[in-house]
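Here is the structure we will look at, set down as structure tokens.
The values are calculated or read from the model by the stated rules, or taken from the named source; none is laboratory data. Fair warning: this is a prediction, and the values are worked out from it, not measured in the lab. Positions of Cβ are generated from backbone atoms using ideal geometry, with glycine treated the same way; all protein chains shown enter the neighbour counts.
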Amino acid sequence: MLTETGHPIERVEAELFTDGGNDAVLRLPGRRFPGVLIQGDTLSVLQADVAELAELCSAGDLEEARNAASLLHAELRAKLERYTAALEAHEITRPF
């Protein structure tokens, strides 16, 4: 089976360290450390948030830019906290 871009789809087994919901922490074969699976809709929202932040900075609206940056920071911090908690629960050292 091929993707829409013509690349083959490969089935692999992964180690799942959290529930399988959004932002699942998992390790793919051949990788030393787990990663975070970010769903496409969440990735799109993150990109839009960064774009909004850049626009606010360009427009000189620093107060709104600070607010947007604070919200973005909180969302990314929550993802990182979930990741580090999963690693600690499975006694895996952090890669950073």
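Worth a mention:
- Inside region 65-96, residues that are outside any loop (DSSP other than H, G, I, E, B), hydrophobic (A, V, I, L, M, F, W, C) and surrounded by 15 or more Cβ atoms within 10 Å (Cβ to Cβ) make up a count of 6.
- Being farther than 17 Å from Pro95 by Cβ and either part of a helix (DSSP H, G or I) or touching a residue at least 60 places away in the same chain (Cβ under 8 Å) (or both) is not true of Val12.
- Met1 meets the conditions (1) under 27 Å from Ile92 (Cα atoms); (2) of a type outside the set (D, E, K, R); (3) at pLDDT below 95 in every case but one. The failed one is (1).
- Enumeration of residues in region 24-64 that are under 15 Å from the mean Cα position of the chain (by Cα), within 30 Å of Ile92 (Cα to Cα) and without any contact (Cβ under 8 Å) to a residue 12 or more places away in the chain: Gly35, Gly40, Asp41, Leu43, Ser44, Val45, Gln47
- Residues in region 33-64 that are small (Gly, Ala, Ser) and assigned to a helix (DSSP H, G or I) were compared, and the one that is modelled with the lowest pLDDT is Gly40.
- Residue that is nearest to Leu71 (Cα to Cα) [pool: residues in region 20-38 that are of a type outside the set (Gly, Ala, Ser) and either surrounded by fewer than 10 Cβ atoms within 10 Å (Cβ to Cβ) or in contact with a Gly (Cβ under 9 Å, 6 or more places away or on another chain) (or both)]: Leu37
- Count - residues of region 1-33 that are in contact with a helix residue (DSSP H, G or I) (Cβ under 8 Å, 6 or more places away or on another chain) and within 13 Å of Lys79 (Cα to Cα): 4
- From the list Gly21, Gly30, the one residue that fits, being modelled with pLDDT under 95 and assigned to a loop (DSSP other than H, G, I, E, B), is Gly21.
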